[in-house]
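Just below is one structure, and these are the notes that go with it.
The values are calculated or read from the model by the stated rules, or taken from the named source; none is laboratory data. As the structure is a computational prediction, the values presented were derived from the model and not from experiment. Backbone-built Cβ (ideal geometry, glycine too); neighbour counts: all protein chains shown.
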Amino acid sequence: MPYESVDIRARLGYMPEHDCLPTAITASEFLTHMVQVSGIPPSQARTRAADILRHVGLEEERYCPIGQYSTGMKQRVKLAQSLAHDPVIVLLDEPTAGLDPSGREDMLRLIRRTGHEFGISIILSSHLMGDVESNCDRIIVLEGGHVTEQGAVSQFTQETETVLIDVDGNREELITALAARGVTAVSDGVSLAVELDSEEQYDAIRDALVETNARLRRMSPRRHQLTDIFRNEGP
Amino acid sequence: MTQRTGELFDLGYQHYDGPREGRMRARKAVFFDGFRTTLGLGRGAGAKVLPMLLFGAAMAPAIIIALIVSLTNDLIDLPGHPEYYQVVSIVLLIFTAIIAPELLCADRRNGVISLYLVRPLSITDYVAARWLAFFAITLLLVYSGQIVLLAGLILSASDPVDYIRDNW
């Protein structure tokens, strides 16, 4: 296969962040046209357009001019046009921009389904780390046009050897009791953060809790969050 | 228009394994879209008003000339195709000035251009297809006026066959 960019673009989907829809024509009409521009003959284009609009959740609305749509519906049309010609790879630029929380959840579910169930590779660009964390398999961090980090999402969010402890009262006593057992507890907001060197320190924490009679509310390993990637790179 | 229809997602997505005609199909699609946009086809009634008005304005002189000729019946120096052009050229100019920018600028204004350029279509293809659409419409406009006028002149001539022979 000759790797000409025109041929490649026939199997590429792109959903831009900015507005990219005409206002005067209906979503159905627009999609049919766009599918044809992707190289699919008119007879099939109409069916594809109808199918994909149903897939993204636009039913009767697709016969209204796009100018009358809400932001959420426009985002769906934008997603639809990027998927309609059955691309091999899809680039989504901030697909949840301008959506309310439930609309965002719908959009992400749709993207997840498209990626996992229909086997279309999706590259999602987003500044919402939560969206990335819950929906992506792999992450590529770009900075100044260079790849600075890449890998599986789990690699970025793996557990560290820090335990967070929340107690109800007797907080100071607990810190002292822990210190007596050679465990350093650092106050981290409402929680106490304990850096663990060995497994035995779990026992020390338990003993200290029993001794001080502190009511335990929460004890959990701290997970690195994706936002830490950016925090760590700060000045 | 804010009603959500989330339950419909589960109908699924179908892969496409039919024919893909690539660049040629893309060119044709842009051409026909330009044609339809200009004439207001597939759009609301409002979009059809201006093209129809201009079309009417280009047609009217042809009909009027043909009527004058048939009514005066060779009494005056006959107006014909050159006279028609003099009158209608201003309409053609206005028509051109309105539709030509609309064929290219609307896509940039809406941002649709960025969707065209990620499809199997080069910038040249896009501009050429739009230009051809423009050209086709202008040609249609010019020739339909001429044909109406010719038909009118033939019908009002005392000897239609002779008229055709003389003016071909």
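Applying the set (1) surrounded by fewer than 20 Cβ atoms within 10 Å (Cβ to Cβ); (2) within 14 Å of chain B (Cβ to nearest Cβ); (3) in a helix (DSSP H, G or I); (4) not hydrophobic (A, V, I, L, M, F, W, C) to residue A:106 leaves exactly one unmet item: (1). One residue stands out in the range A:185-223 among those that are in contact with an Asp or Glu (Cβ under 7 Å, 6 or more places away or on another chain) and surrounded by fewer than 18 Cβ atoms within 10 Å (Cβ to Cβ): the one that is nearest to residue A:154 (Cα to Cα), namely A:223. Are there any pairs, at least 6 apart or on different chains, whose C-beta atoms fall under 6 Å, with the first in the range A:205-223 and within 13 Å of residue A:191 (Cβ to Cβ) and the second among the basic types (Lys, Arg) and not in a strand (DSSP E or B), and if so, which? No pair meets every condition. If only residues of the range A:84-102 that are farther than 18 Å from residue B:117 by Cβ and within 9 Å of chain B (Cβ to nearest Cβ) are counted, the one that is surrounded by the fewest Cβ atoms within 10 Å (Cβ to Cβ) is A:102.
Residues that are assigned to a helix (DSSP H, G or I) and aliphatic (A, V, I, L, M) were ranked within the range A:3-24; the one that is modelled with the lowest pLDDT is A:6.
Among residues of the range A:116-125 being crowded, with 17+ Cβ neighbours inside 10 Å and more than 11 Å from chain B (Cβ to nearest Cβ), the one that is farthest from residue A:18 (Cα to Cα) is A:122. Going by the structure shown, is residue A:47 out of contact with any Cys (no Cβ under 9 Å at 6 or more places or on another chain), outside any helix (DSSP H, G or I) and either on the phi > 0 side of the Ramachandran plot or assigned by TED's automatic domain parsing to the domain that holds residue A:92 (or both)? The answer is no for residue A:47. Answer yes if at least one residue in the range A:145-162 is crowded, with 16+ Cβ neighbours inside 10 Å and modelled with pLDDT of 85 or more, and no otherwise. No, the conditions are met nowhere in the range A:145-162.
Restricting the search to helices (runs of 4 or more DSSP H) fully inside the range A:147-215 and requiring at least 3 residues that are out of contact with any Phe, Trp or Tyr (no Cβ under 9 Å at 6 or more places or on another chain), of a type in the set (Ser, Thr, Tyr) and farther than 30 Å from residue A:124 by Cβ gives an empty result. Within the range A:8-32, being without any contact (Cβ under 8 Å) to a residue 12 or more places away in the chain and within 8 Å of chain B (Cβ to nearest Cβ) holds for A:9, A:18, A:29. Applying the selection to the range A:35-64, what residues are surrounded by fewer than 21 Cβ atoms within 10 Å (Cβ to Cβ) and at the interface with chain B (Cβ under 7 Å from one of its Cβ atoms)? Matches in the range A:35-64: A:41, A:44, A:51, A:54, A:59. Scoring residue A:113 on the criteria (1) more than 9 Å from chain B (Cβ to nearest Cβ); (2) under 18 Å from the mean Cα position of the chain (by Cα); (3) farther than 26 Å from residue B:36 by Cβ leaves a single failure, condition (1).
Only residues that are surrounded by 20 or more Cβ atoms within 10 Å (Cβ to Cβ) and aliphatic (A, V, I, L, M) were counted in the range B:119-149, giving 6. For the residues B:153, B:104, the requirement of being assigned to a helix (DSSP H, G or I), in contact (Cβ under 8 Å) with a residue 12 or more places away in the chain and either touching a strand residue (DSSP E or B) at 6+ places or on another chain (Cβ under 7 Å) or away from chain A (no Cβ under 14 Å) (or both) singles out B:153. One residue stands out in the range A:65-81 among those that are in contact (Cβ under 8 Å) with a residue 12 or more places away in the chain and in contact with a Ser or Thr (Cβ under 7 Å, 6 or more places away or on another chain): the one that is surrounded by the fewest Cβ atoms within 10 Å (Cβ to Cβ), namely A:67.
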